Amino acid sequence: VVVGFGGAGAAAAIEAHDAGARVLVIEKAAVGGGNTRVAGGNIRIVRGAAKMMQHFRALSERGTDVESIQAHVEGLTALPAWIEKLGGVLSPDERGVGTLFVEGPPYCPREYSGSAFPAVAGADGLGGRYRWPLQNGLDRGEAAFAMLERNVAERGIEVTSECAARRLIRDGATGRVTGVTGTLPGGTELQARATSGVILACGGFAWDTALQRDYLGAVLPSSSPPHRNAGDGVRMAEAIGAALWHMRAAVLQLGILAPGFDASFPVRIRERGFIIVDQHAKRFCDESRLDGHDGGILLQGLDMRSATRLRLPSVLIFDERTRLAGPVVGTDRGYNRGGGWSNDNGAEVEKGWIETGATPAELARRFGLDPADLEATVATFNRDLEMGSDAFGRRPADSWPLSGPFYGVRIWPCIVNTQGGPRRAADGRILDPFGATIPGLFGAGELGSIWTGLYPGGANFGEALVSGRTAGATAAGGAIG
Ligand SMILES: Cc1cc2nc3c(=O)[nH]c(=O)nc-3n(C[C@H](O)[C@H](O)[C@H](O)COP(=O)(O)OP(=O)(O)OC[C@H]3O[C@@H](n4cnc5c(N)ncnc54)[C@H](O)[C@@H]3O)c2cc1C
């Protein structure tokens, strides 16, 4: 029984089926896909396996065992051939490999295809990313999930939708996990018996406030599909004694909240006239050198005396030319992809989602910031830019002086996905706190991911497929085919 029909669950189901198992997939939502369907779908290209391992090991800060990292890199190496076998078409993106960022727009967050940590040993083992190109109207995560869904259907694998798994069933005498209970529409209980095992592939806790508060230290918005990945897998595994790992780790991006939208929009700034300020109207970084996973910077800046997080939220301030250069949000991925935002941000100004002011002081009042402080911040930014001496090292090539009218919008650290969950071994078996395997229980995907706090980018999507394949094959007692 596979719990969760996203990338990891689909890969597990396909692999277990191909190893001879009869598979049932249980999915909470009416349609599968989860984060996988809305994702950028970027997967790491292995340029040098040994170096990639060295790099990932360094990034794990010893928080992930070497066997799991090795299994991941081996799985990544074999992944393109498997995807092609399933009918997937891939296009590589190696822009900017060897440098930190791709030069030119967008200016925030910057695009890059190498590791987010080029100075860490082994970074040159990563050779950019590949993803699904546009075909039949679908690309990225949507195209990837369509491929997986088609392969699941072609194999006759049963998928029970609108069924939220609730509890694992365990044999009292042997301790073996023998099934799972779930709730069907109308409240009917489903009891699914598993002879080979249960694979938990039901995502993290991007939509669970209690787990976020406990492990991330704050309740945060999310750009993933609302109310799906709500920590169910964490609780089910915890209830039968699984060890948890990597609970503090989450991929965060800068995001904007808009009325009527549950999920956040990712920030995307296409021109150079912008800054970010905290609640004291102060800048705190080179805004043009943030990458797509640097949202955590807004969680920093805790003022110990007032017990407030000064950057939660922050305010993104931009000028007229930047407003006209394109939507200040990304529309090519995420739950709100494909619409809901005007090209020149004009509709959002009209609706009051974006505030405006003729002067920094006027804009400051709209956000409850000190008008004189924001005037001073903008004046300093403009002056330092002219002298090439920005306090945060922002380069003139990535900037221009700000002039009115000014625009502003609140920005938050928004969850792309979380990494924590039950600890799994390299072969997908779930472990207890003493390192013993829990018989009959397996895990895959972002639920109990190998990634810790240092996320290299483009690394969860491939992991979902690799770890799904591994868990499926192990549970079915076969080898990866
Ligand atoms: C906007 C966005 C962009 C991203 N871009 C990239 C990228 O370019 N590259 C990259 O490496 N990573 C990216 N990621 C992250 C990556 O896509 C995910 O971490 C990965 O796809 C997770 O796959 P999964 O199968 O573990 O989880 P999911 O795909 O989220 O699937 C989990 C499924 O479990 C279901 N479920 C939850 N609870 C239950 C329950 N109790 N019972 C039954 N079913 C349940 C959910 O409804 C969901 O369908 C992105 C994520 C987002 C949100």
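Put simply, of GLY187, GLY204, GLY231, GLY182 the only residue that is at positive phi and at pLDDT 95 or above is GLY231.
From the list GLY88, GLY20, which one is buried (at least 18 other Cβ atoms within 10 Å of the Cβ), among the small types (Gly, Ala, Ser), away from the ligand (no atom under 11 Å from the Cβ) and assigned to a loop (DSSP other than H, G, I, E, B)?
Every option except GLY88 fails the conditions.
Screening PHE381 on (1) within 30 Å of VAL219 (Cβ to Cβ); (2) part of a helix (DSSP H, G or I); (3) more than 22 Å from the chain's Cα centre (by Cα); (4) of a type in the set (Phe, Trp, Tyr) shows it passes everything except condition (1).
The residues of region 449-481 that are under 17 Å from the mean Cα position of the chain (by Cα) and more than 15 Å from the ligand (Cβ to nearest atom) amount to a single one, GLY453. Say we look at region 26-36 and pick out the residues that are surrounded by fewer than 24 Cβ atoms within 10 Å (Cβ to Cβ) and not small (Gly, Ala, Ser); which of these is farthest from the ligand (Cβ to nearest atom)? Ranking the candidates gives VAL31 first. The residue list GLU67, GLU15 contains one member that is within 15 Å of the ligand (Cβ to nearest atom), among the charged types (D, E, K, R) and assigned to a helix (DSSP H, G or I), which is GLU15. Checking GLU67, GLU74 one by one, the residue that is within 18 Å of GLU463 (Cβ to Cβ) and either surrounded by 17 or more Cβ atoms within 10 Å (Cβ to Cβ) or β-branched (Val, Ile, Thr) (or both) is GLU74 and no other. Yes or no: region 3-10 includes at least one residue that is more than 9 Å from the ligand (Cβ to nearest atom) and closer than 29 Å to SER222 by Cα. Checking region 3-10: not a single residue is more than 9 Å from the ligand (Cβ to nearest atom) and closer than 29 Å to SER222 by Cα. When we screen ARG333, ARG311 for residues that are of a type in the set (Lys, Arg) and in contact with a Phe, Trp or Tyr (Cβ under 8 Å, 6 or more places away or on another chain), the only hit is ARG311.
Across region 291-313, not a single residue is classified as free of Cβ contacts under 8 Å to residues at least 60 places away in the same chain, within 16 Å of the ligand (Cβ to nearest atom), surrounded by fewer than 19 Cβ atoms within 10 Å (Cβ to Cβ) and assigned to a loop (DSSP other than H, G, I, E, B).
Selection of region 326-336 for residues being surrounded by fewer than 18 Cβ atoms within 10 Å (Cβ to Cβ) and either within 11 Å of the ligand (Cβ to nearest atom) or modelled with pLDDT under 85 (or both) yields only ASP332.
Just for strands (runs of 3 or more DSSP E) wholly inside region 119-233: which have at least 1 residues that are in contact with a Pro (Cβ under 6 Å, 6 or more places away or on another chain)?
In region 119-233, the matching strands (runs of 3 or more DSSP E) lie at 126-131.
The set of residues from region 413-456 being surrounded by 18 or more Cβ atoms within 10 Å (Cβ to Cβ) and among the hydroxyl-bearing types (Ser, Thr, Tyr) comprises THR418, SER449, THR452, TYR455.
The values are calculated or read from the model by the stated rules, or taken from the named source; none is laboratory data. For clarity, every value in this text was computed on a predicted model and none was experimentally measured. FYI the Cβ positions are ideal-geometry reconstructions off the backbone, even for glycines, and counts take in every protein chain you see.
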